[in-house]
Amino acid sequence: MNSNSPVIVTGIGVAIILVAITISATMHQSPETDTFQIISVGPIWNTNSWVCTSDSDFIVDGTLRGLAGSLLEVDISNAGAQSLFGLEEGQLETFRVGAEGGNHITITRTGMVTGFITLQTSPNAQASCVPA
């Protein structure tokens, strides 16, 4: 047996303890440090446009389905039209865009579109997704 074996075993034991402490500390963090607010609208759209905004940085995800000829335009304030999507009939389409706090993202449909729009932002932010 190697004369350094007790030192190696002690080192491994200390490393395991440090990893356990780190995992324990991570699991006991305040819920506000690793959570976020979610606002979801859909699946039936009763308006042609939605405006999503937050006073904190935010992301908007869309999971949508359209009939033939349906279009979806995504605009971000201070940046103009960012995307124009042609939706394939019967196909589920997704998108993700983000903006800094204080801006708004407008999603406008042309044609028949159904699906969900989801806004994600910090837990204490003032946020909304409302018909335009």
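Here, each number is a calculation from the coordinates, and none is a lab measurement. Please read these numbers as outputs of a predicted model, since none were measured by experiment. Heads up, the Cβs are rebuilt from the backbone with ideal geometry, glycines too, and the neighbour counts pull from every protein chain shown.
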Hits in the range 97-108 (condition: in a strand (DSSP E or B) and touching an Asp or Glu at 6+ places or on another chain (Cβ under 8 Å)):
98, 99, 105, 106, 107, 108
Matching residues in the range 97-132 - criterion: being of a type in the set (Ser, Thr, Tyr) and out of contact with any helix residue (DSSP H, G or I) (no Cβ under 9 Å at 6 or more places or on another chain):
106, 108, 110, 114, 118, 121, 128
From 116, 85, residue being aromatic (Phe, Trp, Tyr), part of a strand (DSSP E or B), under 21 Å from the mean Cα position of the chain (by Cα) and closer than 17 Å to residue 39 by Cβ:
116
Quick check on the range 69-81. Is at least one of its residues outside any loop (DSSP other than H, G, I, E, B) and of a type in the set (Ser, Thr, Tyr)?
no
Conditions (1) under 24 Å from residue 37 (Cβ atoms); (2) of a type outside the set (Ser, Thr, Tyr); (3) crowded, with 18+ Cβ neighbours inside 10 Å -> residue 109 fails only (1)
What number goes with the only condition from (1) farther than 25 Å from residue 37 by Cβ; (2) touching a Pro at 6+ places or on another chain (Cβ under 6 Å); (3) hydroxyl-bearing (Ser, Thr, Tyr) that residue 70 does not pass?
(2)
